[in-house]
Every structure is written in C-alpha cells, then in structure tokens.
Amino acid sequence: MTTAKTPTGELLLSLRGISKNFGAVSALTDIELDVHAGEVVALVGDNGAGKSTLVKVLAGVHQPTSGNISYRGKPVSLSSPAAALELGIATVFQDLALCENLDVVANIFLGQELNPFRLDEVAMEVRAWTLLNELAARIPSVREPIASLSGGQRQTVAIARSLLLNPQIIMLDEPTAALGVAQTAEVLNLVERVRDKGLGVIMISHNMADVRAVADRIVVLRLGRNNGVFTPEASNQELVGAITGATDNAVSRRESRIAEEAL
Amino acid sequence: MSEPKKPTLDRADARVTHASGIGGTISAFIDQVKSGDLGALPVIVGLVIIWTVFTILNPIFLSPNNLVNMLFDCSTTGVIALGIVCVLMLGEIDLSVGSMSGVGSTIIGVLWVNAGVPLPLAILAAIIAGAIIGSIYATLRNRLGMPSFVSTLSGLLALLGLQLYLLGATGSINLPYSSNMVNFGQLLIMPAVVSYALCLLPGLVMLVVGLQTNAKRRAANLSAGSSTGLAIKAALTTIGLVGVIFYLNLGRGVPWMFALFVALVLIMNYAFTRTQWGRSMKAVGGNAEAARRAGINVRGIYVSAFVLCSSFAALGGVMSSARLASASQQAGTGDVNLNAIAAAVIGGTSLFGGRGTAFSALLGIIVIQSIANGLTLLNLSSSLRYMITGGVLAIAVIVDSLARQSRVSHGRA
C-alpha cells in the first residue's frame, strides 16, 4: 500500500470503522476516510465496491450500521440529508435527485428558496444563471421543467445546486459520466477552483484520466473495504490492480512495498 | 435597429425560440397544449359544452338566479375540493372527506345548537377535529407506511360511525332558521357596489404586480414581458369579471358564502405558487426522494397536506350545515366525497402528484355543480345523476392520463 503525501489543510471530515449492511449484504465494512480542506479525494472502485453507498452515508441518505463520523474534530451523526446540508456537505448524486416536474430555478433552490413567504423569483433566477454560467452550462431556459433537459444538462443543474449553499465539502458521484468534452473540462476546472477556495472535494469516477487530472489522493474501495490509498502518480497498473483485487497476492504486495519505499 | 443589444441573461442561447407579440403568444399556447400541458383548457371546453346543452334543454338553467343558486351549492363542496387538491398534489388521496364534512356539520349541531357553545368556538372545534384526523392519516403514512388510500378508506367508515354516534337517536339536529349562520348559508348576498369593487381587484393586482416584476427583471438584466400585453390581459380579466358580476346582479347577486370560497382559493393559490411550502409540496409530489435529499422535511409536508385536507373538509361540512340548516345523518354522505375529488381532478389537478392549482377546485366544482343542477332542472332521478357524474369523472381521469403520457413524451413531465 502506498502512502500519499500528508495533506496540509484542516481535517474536515473523518470516518472511522464505518459499516453499512443491507440485510445480509455488507455494502461497507470498516471504512476509513479523511478529507482535508483544500484537497480532492477521489474514490475509485469497481461496480459494487460501495462508493455510492459511502457517498449516501455522508449525505445523510443512509445511516451507517456502525462506525464514527467526525466533522472538524467533533463527532456528528448525519441523520438526514438536511443535517448533512446544514454541516456544509453538499452532494451531487449519481441518480440525480432532481424533481422533473419543477423548472431549473426551482430545482437549484429546492429547500433553500429565497424569501420563503414571498418567493423572490427574480433574485433566484439571476443567481441560477450566474451559477450555470460559472459552469459554462448550455441550458436553453431555466423556466422549463427538468424533464425537457438532456442528461448532461441535468448533471450541470445538479452540480449548480450543490454549489448554491457555499458548502465546506462537495461530493460528486460520477460527475462527468454524462457530460460532453467541454462540460467535462469545466467540471474538472470547477473541482480545482473549489479546492483552491479551501473546500474539500470527494469525487467518484471511473474515468482514470479525470481522476489523475484533479485528485490529490486516490482512495480505492473493493468489495466494501478500503483497498489502498494512492497518489495520482501511481501507475495505472497499481490502480487497476487495487480496484480489481489483483493486488491481493504476494507479487502485488511486494510491488506496492517497493513503490512505498520509492516515495 | 441601429446597434445590436447585449442579450439578457436568459436569452443568450440561440437555440431557443421565444414567443414575441400576440401571434407568438398564441402559437406558444398551442404548442403547450399539444405537448399535454392542458392547464384549464379541458375544463373550460367542457363547461361550454355542458352549459350549451343544458340551456338548450331548459333555458332556466342560464337564468341569473339559477346561477346564483348554483354558486351557493358550489361553495360547500368546493371548499372540500380545495383540501383534496392539497393531497392530490402529493400523489395521495383522501377518500374520507365526505364523512369528515359530515362530522364537521354534526359538531356544529351538537356543540352550538344542543350544548349552547358560542358559534365561533363550535366552528373552531370542527376545524380542529379535522386537523386531528388529518394528522392521524399523516402519522399512519409517515410512521407505518400505510397508503393513504387504505387509511382514509377506513377513516371514511370510522368517521361515518362517529357522525352517527354524535347525532344520537334523533339522527338530525335543526339549526335555528333566523340565525346568522343559516342566513349566511342561504340568503346573504354581497351588495352590488361591493361586488363590483371586489371584481376590479384581480385585474388591478395583476397589473401592479406584473409591472413591478417586469421592472425588477429589467433591472436584473432578465427579459421581461411587454407592459401592453400585461395591460390587455388585466383589462380582459376585469371586463370578464365585470360581465359575470353584472349578470349575477341581475338576479340576487353574489353570495357571501361563495366569496368566502373564492377567498380561500386565492389564499391557497398564493401558498401553492409563491411560498416555499408550495414549492416543497410540488417537489414532494414530483419526486419525494429528491425532495428529501434536498433537505425538505418530507414528513412535515405530508402532515401539512393531510391536516389541510381534513380541516377544509370539516369547514366544508360546517358550511353545508348552514346551507341545509341542519346537521343530519345524511350530511356528507352520498356523492359529496366523489364530487369533491372529481372537482379537483376535472379542474386539472393530476392524480399522479406534482401538478395542480388551487383554481382547479373552483373550476372543477362549477362543472360538477352545473351537471347536478342541470340534471335536477330536467327532473332526472338521482340514479341517472350519479351515472352521468361518474361518467364525467371517468372522462376527466382519462384526459389526465393521456395528457400525462403526452407530457412525458414531450419532455414536460
């Protein structure tokens, strides 16, 4: 196992021994994860490795079966999505979690509307356009229902929504999967921008090029367990090995020890 | 144009056509209807057909006094339908509103007439009873996952039992005829001056709010509608309303009870469209999980909807006791339940959740009451009336389903 360089920012989020069972299935077992301010942590792993489950635990959608979560050194319980949002953990889900019957502005401001007793539609529309323009989004109209948008456009709306509350940590579950070339670049730019602003970013992706481009640390999950932490400089072979489980033999352990010494 | 203007914030995308001028507005409307976003169109078409047929069969139907009578009848079930809109918005249903209204009217009879409790307290008690029943439904749904279809179906029977128990052996309590309460339900009519003054308000509000919004949008570098179009819309609304009021004033005039109903519709319309609560209602009805992940208190929204629905049902029952001058075993039974639900659906609130307006209760109940009233004028038996009302509800649901399919295929869900 390689050890990544020690991050410098404040420790924002720290998970110890997180497990999550769905009936007989252990989706997550003894997961450990640290996220510092100003750091991009990439979560990689095969399908079914537990990445999305972990994100949902952090977003307050699922409650862990056991384990501790601490936020800025204080133990917290993320009992609901509202609790996670309140702490400053914003999430872009893979299954997008947008309301198709509402328009773009309503979706971006869902649950956070300005002026609850007399909605300020103009201010919300302006802010929505500002956020979307920051993402170089190509949204035809913010007053059309989400149902009329393409997958990529919906993704952009979901990302714009996560930025609305000025969160401390942003989690992106497969943010670039549905995006075109330009939008992918914009999302990666955005990830770097929010990191430079001192936010912690957790990004899930199957695209190794994207991961290497922005990640400071790469955390590999396999079958619901931690399977190594890598730097972006790690070779593709090492990463793929950790993801697929081919590292679980004497040769790969030797290789990783050599790599560790080389750092 | 001499110099090209910088496009406003929301008009930068060249792929989107934007309606301009009156022709553009009309063609945009046609596109919208074709894609299944029907709005109030089916109900208005239906209303024109129904009124034409009944007027041909019996000219008395369209006489001012018959219409005034109809407005009295609309108000009670209309208030109940307004509550139904709340639960339908979430994709839920309340099948017990008829029984709840029966309990509401019984509480008036028992507390006010029999026990001598002051009327305002008795009305309050009825509404609180509704709120309690609604919160029970919401709790069953939130904590036990009981579908509202089942919980309210059992509620229908249980509340009917409660109504019979409260009424006791007599089975009927008469409200004093000379009381203000009964006057309100049967006689009280707005002075003509007041009705004209009130009917100028909607156009005026439309104009002022519209101009304010336009100014604000321009200031924020967003596109804004034309002031002329706004003025035309406001003028047409005012002219239409003045025409209706004038016609009604040829007869007895506008009932205060109907004014109360319209006021409630307007309040709910504001709540649905301009508040965070209304936005959350639509979100939960559209995609409850997405709403939860956005941090909305989904359980709270369910509680608010069921409590409002049952409270409106109880209030409707109170109004019907005034209308009928009695609280009896028959109150809230028969077709009250179906009429209230049918009104909401016919008016354009979707059974599938996430879509609906407060005005659908108003428009829908006018359709339902027109059918009931017209068939009564034709001296048709209630057996036939039930069949026809059932048929109309079926048609409304079919239109709703077809429109929904069309919306999905046109990407407007």
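Can you spot a residue in the stretch B:292-304 that is touching a Cys at 6+ places or on another chain (Cβ under 7 Å) and facing chain A (nearest Cβ under 10 Å)? Lay out the reasoning, then the answer.
Of the stretch B:292-304, the ones touching a Cys at 6+ places or on another chain (Cβ under 7 Å) are none.
Checking the stretch B:292-304: not a single residue is touching a Cys at 6+ places or on another chain (Cβ under 7 Å) and facing chain A (nearest Cβ under 10 Å).
Each row is one residue, and each column tells you yes or no for (1) closer than 24 Å to residue B:318 by Cα; (2) basic (Lys, Arg); (3) touching a helix residue (DSSP H, G or I) at 6+ places or on another chain (Cβ under 9 Å).
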position	(1), (2), (3)
B:169	yes, no, no
B:173	yes, no, yes
B:184	yes, no, yes
B:203	no, no, yes
B:212	no, no, no
B:215	no, no, no
B:219	no, no, yes
- Residue check, residue A:170 within 10 Å of chain B (Cβ to nearest Cβ), β-branched (Val, Ile, Thr) and open to solvent by less than 20 Å² (accessible area, probe 1.4 Å): no
- If you check residue A:115 against the conditions, is it open to solvent by 30 Å² or more (accessible area, probe 1.4 Å), over 17 Å from the mean Cα position of the chain (by Cα) and either at pLDDT 90 or above or not charged (D, E, K, R) (or both)? yes
- Odd one out for residue A:131, checked against (1) free of Cβ contacts under 8 Å to residues at least 40 places away in the same chain; (2) at the interface with chain B (Cβ under 10 Å from one of its Cβ atoms); (3) not in a loop (DSSP other than H, G, I, E, B): (2)
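Within the stretch A:119-131, how many residues turn out to be in contact with a helix residue (DSSP H, G or I) (Cβ under 6 Å, 6 or more places away or on another chain) and surrounded by fewer than 22 Cβ atoms within 10 Å (Cβ to Cβ)? Show your work before the answer.
Filtering the stretch A:119-131 for residues in contact with a helix residue (DSSP H, G or I) (Cβ under 6 Å, 6 or more places away or on another chain) gives A:119, A:122, A:124-125, A:128-129, A:131.
Okay, now just the ones that are also surrounded by fewer than 22 Cβ atoms within 10 Å (Cβ to Cβ), so A:119, A:122, A:124, A:131.
Residues in the stretch A:119-131 being in contact with a helix residue (DSSP H, G or I) (Cβ under 6 Å, 6 or more places away or on another chain) and surrounded by fewer than 22 Cβ atoms within 10 Å (Cβ to Cβ): 4 in total.
Within the stretch B:349-371, does at least one residue satisfy the condition of being open to solvent by less than 40 Å² (accessible area, probe 1.4 Å) and over 16 Å from the mean Cα position of the chain (by Cα)?
Of the stretch B:349-371, the ones open to solvent by less than 40 Å² (accessible area, probe 1.4 Å) are B:349-350, B:353-354, B:356, B:358, B:360-362, B:364-371.
Among the residues that remain, those that are also over 16 Å from the mean Cα position of the chain (by Cα) are: B:371.
Within the stretch B:349-371, one or more residues are open to solvent by less than 40 Å² (accessible area, probe 1.4 Å) and over 16 Å from the mean Cα position of the chain (by Cα).
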- strands (runs of 3 or more DSSP E) enclosed by the stretch A:33-125 - at least 2 residues per element that are free of Cβ contacts under 8 Å to residues at least 40 places away in the same chain: A:74-76
- Which numbered condition residue A:233 misses (of (1) at pLDDT 75 or above; (2) more than 22 Å from the chain's Cα centre (by Cα); (3) acidic (Asp, Glu)): (2)
- Checking residue A:49 against (1) open to solvent by 40 Å² or more (accessible area, probe 1.4 Å); (2) modelled with pLDDT under 90, which test does it fail? (1)
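Among the residues of the stretch A:176-185, which ones are over 14 Å from residue A:211 (Cα atoms) and surrounded by 16 or more Cβ atoms within 10 Å (Cβ to Cβ)? Even if it seems obvious, please write down each step before you answer.
At the first step, the residues of the stretch A:176-185 found to be over 14 Å from residue A:211 (Cα atoms) are A:178-183.
Once the filter is applied, which keeps residues that are over 14 Å from residue A:211 (Cα atoms) and surrounded by 16 or more Cβ atoms within 10 Å (Cβ to Cβ), the stretch A:176-185 yields A:178, A:179, A:183.
For residue B:281, state whether it is among the aliphatic types (A, V, I, L, M), in contact with a Ser or Thr (Cβ under 7 Å, 6 or more places away or on another chain) and part of a helix (DSSP H, G or I).
On the way: among the aliphatic types (A, V, I, L, M): yes; in contact with a Ser or Thr (Cβ under 7 Å, 6 or more places away or on another chain): no; part of a helix (DSSP H, G or I): yes.
It is false that residue B:281 is among the aliphatic types (A, V, I, L, M), in contact with a Ser or Thr (Cβ under 7 Å, 6 or more places away or on another chain) and part of a helix (DSSP H, G or I).
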- Task: Select from the stretch B:372-413 the residues that are surrounded by fewer than 22 Cβ atoms within 10 Å (Cβ to Cβ), within 14 Å of chain A (Cβ to nearest Cβ) and either over 21 Å from the mean Cα position of the chain (by Cα) or not in a helix (DSSP H, G or I) (or both) and list them in ascending order.
- Result: B:405, B:406, B:408, B:409, B:410, B:411, B:412, B:413
- Reported set for the stretch B:195-232 where residues are away from chain A (no Cβ under 14 Å) and modelled with pLDDT under 90 is B:226, B:227, B:228, B:229, B:230
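The values are calculated or read from the model by the stated rules, or taken from the named source; none is laboratory data. On a predicted model such as this, the values are computed, not experimentally measured, just so you know. Every residue, glycine as well, gets a Cβ built from its backbone with ideal geometry; the counts of neighbours run over all protein chains shown. Only protein heavy atoms, including side chains, enter the accessible area calculation; ligands, DNA and RNA are left aside. Shrake-Rupley method; radii C 1.70, N 1.55, O 1.52, S 1.80 Å.
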